[in-house]
Amino acid sequence: QVQLVESGGGSVQAGGSLRLSCRTSGFPFDLNTLGWYRQRPGKQRELVASITDTGTTDYLNSVKGRFSISRDNAQKSFFLQMNDLKVEDSSRYYCNLAGRLYYSWGQGTQVTVSS
């Protein structure tokens, strides 16, 4: 069974940092493009960052220069380092595939940034 487990969220002051982790199992991790998403109540889910099987990264324009996605194929985990956090980054963050298909959404991890 596929598992996607997010962790690392929390409450921080604007300008602070957090590192999110996604531990996975049950699918060919090395072959997939992976992504971090966020969704606030009443708003559409948006792809924040992605990383391909070859290590190519892509970011939402509003987080470029502040967020960095990485992957560890040995651990079947991937990460989102978030620096210089802004109030607008407050959201629940989820991990999943970022290609044509995706798995069921997990619980996510809450990020709250205060001014």
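Every residue, every condition in (1) farther than 20 Å from residue 5 by Cβ; (2) in a strand (DSSP E or B), yes or no:
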site: 41; (1), (2): yes, no
site: 48; (1), (2): no, yes
site: 85; (1), (2): yes, no
site: 88; (1), (2): yes, no
site: 95; (1), (2): no, yes
site: 104; (1), (2): no, no
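Considering only residues in segment 47-77 that are open to solvent by 60 Å² or more (accessible area, probe 1.4 Å) and among the charged types (D, E, K, R), the one that is farthest from residue 27 (Cα to Cα) turns out to be 64.
Quick check on segment 19-30: of everything there that is over 17 Å from residue 48 (Cα atoms) and open to solvent by 70 Å² or more (accessible area, probe 1.4 Å), which residue is nearest to the chain's Cα centre (by Cα)?
From segment 19-30, those over 17 Å from residue 48 (Cα atoms) are 23-30; that's our starting set.
When the remaining residues are screened for being open to solvent by 70 Å² or more (accessible area, probe 1.4 Å), the result is 23, 28, 30.
On the way: 23: 11, 28: 19, 30: 17 Å.
Within segment 19-30, the match that is nearest to the chain's Cα centre (by Cα) is 23.
Among the conditions (1) open to solvent by less than 30 Å² (accessible area, probe 1.4 Å); (2) part of a strand (DSSP E or B), the only one that residue 16 does not satisfy is (2).
Of the residues making up segment 45-53, one or more are in contact with a helix residue (DSSP H, G or I) (Cβ under 8 Å, 6 or more places away or on another chain) and β-branched (Val, Ile, Thr). Of the residues making up segment 50-65, those that are without any contact (Cβ under 8 Å) to a residue 24 or more places away in the chain and either assigned to a strand (DSSP E or B) or in contact with a strand residue (DSSP E or B) (Cβ under 7 Å, 6 or more places away or on another chain) (or both) are 57, 58, 59, 60.
The values are calculated or read from the model by the stated rules, or taken from the named source; none is laboratory data. Not measured: the values here are computed from a predicted model. FYI the Cβ positions are ideal-geometry reconstructions off the backbone, even for glycines, and counts take in every protein chain you see. Just so you know, the surface numbers come from the protein's heavy atoms only, side chains and all, with ligands and any DNA or RNA stripped out. Shrake-Rupley method; radii C 1.70, N 1.55, O 1.52, S 1.80 Å.
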